[in-house]
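Colleague: Pasting in a structure now, in structure tokens, and then I'll have a few things to ask.
The values are calculated or read from the model by the stated rules, or taken from the named source; none is laboratory data. All values derive from a computational prediction rather than experimental measurement. A quick note on method: Cβ atoms are made from the backbone with ideal geometry, for glycine too, and the neighbour counts reach across all protein chains shown.
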Amino acid sequence: MVSATSIAGANILYPNWSRFAILARKGQISLKSSLSEEAWQWIKREGRSVTFVRGERLMTEGEPASHVYAIASGEVKALAESSSGHPVLLALIGPDQTIGVLSALDRGPREFTAVARNNVTAWILNRQQYGRMLTELPLVGAAQLEAVAARFRLSMRMSVERSDELACRISRQLQTMAADTGCRELALTQSELASWVGASREATGRCLARLRVSGAIATHRGGITILSTERLADFQVPHEHARSAAASGSLRSL
């Protein structure tokens, strides 16, 4: 089983999100911003290795930033605190991805809390080392900047999609994660998915039951398997049609 990872960046950025999302779901572009072999050689020569056990924090939201992590193995949960004080899952960050880039670039505080989802091995670079890597390896620097831009683009889109019907949001999220990992078996708990789409665990469970009955997915302890991308996409079509019809009606009434 391949674990689910976040959309940390894209090798190609499209100004039109709809085209970007469609190509990603078809697997025509990579949503995973991976560190190249050249980058890893540099990191392992200049950085140092660190390990974390499940539940251990790599960094805390709001704290001063002094370093960047490059994940070698394991997964990290990116969490932010909502206005009600509850943690919200922003992303699952896996191997060959970096954490703490934004703070290293703008010298601001950490934008989220990072917690090891399982045992994690990472390499650490201080801000000066990270900046030197971007200078000495311009292609790596370009990829890292693309990743930051794509995360910002995604965060804007996700804020809009919070108002979408839940089945539509969940089906979109599962399709995107499958495209990101290249695998239909996702190591994702119901609670993590609920946090990711901004819904309660109970509402998410009811929606997953609908998807199971339709034959789109199968669920098991600690994971979700996509059985049919076509049936999963069907949960988005009615919502899109309804939204288009509502927009047309509004225009006719002007």
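Colleague: Between 70, 10, which is surrounded by 15 or more Cβ atoms within 10 Å (Cβ to Cβ) and modelled with pLDDT under 50? Let's see the steps before the verdict.
Modeller: Values: 70 fails: modelled with pLDDT under 50.
Going through 70, 10 in turn, the sole match is 10.
Colleague: Then there's this: Out of everything in segment 205-229 that is surrounded by fewer than 14 Cβ atoms within 10 Å (Cβ to Cβ) and not in a helix (DSSP H, G or I), what residue ends up being nearest to the chain's Cα centre (by Cα)?
Modeller: Here the residue is 222.
Colleague: Can you name every residue in segment 103-130 that is closer than 16 Å to residue 143 by Cα, aliphatic (A, V, I, L, M) and surrounded by 19 or more Cβ atoms within 10 Å (Cβ to Cβ)?
Modeller: Step one: list which residues in segment 103-130 are closer than 16 Å to residue 143 by Cα, which gives 104-105, 130.
Then keep just the ones that are aliphatic (A, V, I, L, M); that gives 104-105.
Hit for segment 103-130 is 104, nothing else.
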